[in-house]
Amino acid sequence: MNSRRSFIKKSSLITLGAFNLNFSPLYKDINGVDISVVTYSFNPGIEEMNVIIQNCLDSGTDNVELMGDHIERSMGMPRTRKSHSNWRSSISMKEFKKVKKQFENTGINIFAYKPYCMSPNNTDDEIEYAMKATKALGAEFVTAELTTEENTSRISRFAEKHNVKVGYHAHLQASDTAWVFPLKNSKNNYINLDIGHYIAARKENTKENLLNFIMDNHSRICSMHLKDRQAIKPLNVGATDNQVWGKGDTPITEVLQLMRDKSYNFTASIELEYRIPEGSNRVKEVKKCFEYCYKALNS
C-alpha cells in the first residue's frame, strides 16, 4: 500500500504543479502507523465527488475508505432507489477507472470501497458490482456490514470469484466472537474493526479485551475505525455518545501505540462522528483527529 501511495503522491505533485495547486499532506504515516480517513467523516450524506476530493485536499488526507454515496450519484446513479440495482448492474467499470484517476491525480489513494449494496436485500448483481467496482478503483478491500451467515457466504462466493478481499464492519454486535464465521468462511474475509463501536457494544468489551482482540487477530484486520464513544451506550442517529477524542471511553491512544509497538501494517482510519463544535467544521475536526494521532504516537 505504501509503495503505491508513494507513486500516487509523486505523480500527483506533478499534476498539481501544472495547475498551480498546492497539496500539503499532514501525518499520513506516524512512527510507522498508517493513518487514513473514512470519507463519511467529511460529509455523511453528500453526493458530490468533487467536494469530497476537496475535503481530502484541505485536510491533508491521502488515503481513504471511500463511501459509495460519495461517488455513485456523481457518476449518474438515479435518485430513485428502485433504479439503483439496474444502474449498478449496467454501469461500465471504465467509469470507476476514471474516478480512480481523479483521486490519484490529487494524491489520494483509495484503499477500500464501501458501496451500500451488500445487504441480504441486495441482488447478486449488486454484490458482483461491488467486487468489480472495488477492483476498478484500485482498492485493496471492499467493506461491508456484518449481517447473516447466509449473506456472508454469498458475498464470499463473489469475493473469491473476483479475488477481492472483504472487510466486515460491526456496530453493536461487535464482540470477540462476532467475526468467527466470516473468517472461517473464506480466506478473503477480514475484520474492519471499529474500536468505538466495540467499546460501546457490551460491558465485557473492556479496554483490555479490545487490546487482546487486536493482538489475537491482527493478521486478519484489514483496517480499523477510530472514534471515541462512551462505554455501554446504544448506537443512535444523533451520535450523542460519540465524544470529541479524549473525552470518551475508547482507548484510542493505547490502540495506536499498540499498532506502533507491534508494527502492525493495517491502517487506522479516522471516522468523525461526534457533534461538530460551534465555529468549527468537519475538515477542521478531521485535522484535529490527525493531530491527536500524532501526539499519541509520539509519546
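Tallying residues that are surrounded by fewer than 22 Cβ atoms within 10 Å (Cβ to Cβ), farther than 16 Å from residue 93 by Cα and in contact (Cβ under 8 Å) with a residue 12 or more places away in the chain within segment 66-80 yields 1.
Which residue pairs have Cβ atoms under 6 Å apart, sit 6 or more places apart or on different chains, and have a first residue in segment 181-204 that is over 17 Å from residue 154 (Cβ atoms) and open to solvent by less than 50 Å² (accessible area, probe 1.4 Å) and a second that is among the basic types (Lys, Arg) and in a loop (DSSP other than H, G, I, E, B)? Pairs found: 196/227; 200/233.
Checked against (1) open to solvent by 30 Å² or more (accessible area, probe 1.4 Å); (2) at pLDDT 95 or above, residue 112 passes all but a single condition, namely (1).
Here is a yes/no grid of residues against (1) assigned to a strand (DSSP E or B); (2) under 16 Å from residue 292 (Cα atoms); (3) modelled with pLDDT of 95 or more:
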position: 217; (1), (2), (3): no, no, yes
position: 222; (1), (2), (3): yes, no, yes
position: 232; (1), (2), (3): no, no, no
position: 250; (1), (2), (3): no, yes, yes
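Any residue at all in segment 182-189 that is under 16 Å from the mean Cα position of the chain (by Cα) and at pLDDT 95 or above? Checked segment 182-189: at least one residue is under 16 Å from the mean Cα position of the chain (by Cα) and at pLDDT 95 or above.
Filtered by the rule that a residue be among the acidic types (Asp, Glu) and either within 20 Å of the chain's Cα centre (by Cα) or outside any loop (DSSP other than H, G, I, E, B) (or both), segment 255-299 gives 261, 271, 273, 285, 291. Annotation: residue 166 fulfils all but one of (1) β-branched (Val, Ile, Thr); (2) crowded, with 18+ Cβ neighbours inside 10 Å; (3) assigned to a helix (DSSP H, G or I); the unmet one is (3).
Restricting attention to segment 49-108, the residues that are within 21 Å of residue 123 (Cα to Cα), assigned to a helix (DSSP H, G or I) and of a type in the set (A, V, I, L, M, F, W, C) total 3.
Let's see how each residue does on (1) open to solvent by less than 50 Å² (accessible area, probe 1.4 Å); (2) closer than 21 Å to residue 67 by Cα:
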{"residue": "209", "(1), (2)": "no, no"}
{"residue": "213", "(1), (2)": "yes, no"}
{"residue": "216", "(1), (2)": "no, no"}
{"residue": "221", "(1), (2)": "yes, yes"}
{"residue": "227", "(1), (2)": "yes, yes"}
{"residue": "243", "(1), (2)": "yes, no"}
{"residue": "251", "(1), (2)": "yes, no"}
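Quick one: in segment 254-299, of everything that is small (Gly, Ala, Ser) and either modelled with pLDDT of 95 or more or touching a Ser or Thr at 6+ places or on another chain (Cβ under 6 Å) (or both), which residue is farthest from residue 59 (Cα to Cα)? Looking at the filtered set, the residue picked out is 263.
The values are calculated or read from the model by the stated rules, or taken from the named source; none is laboratory data. Remember, predicted model here, so these are calculated numbers, not experimental data. Neighbour counts run over all protein chains shown; Cβ positions are idealised from the backbone, glycine included. What goes into the accessible areas is simple: the full protein's heavy atoms, side chains included, and nothing from ligands, DNA or RNA. Shrake-Rupley method; radii C 1.70, N 1.55, O 1.52, S 1.80 Å.
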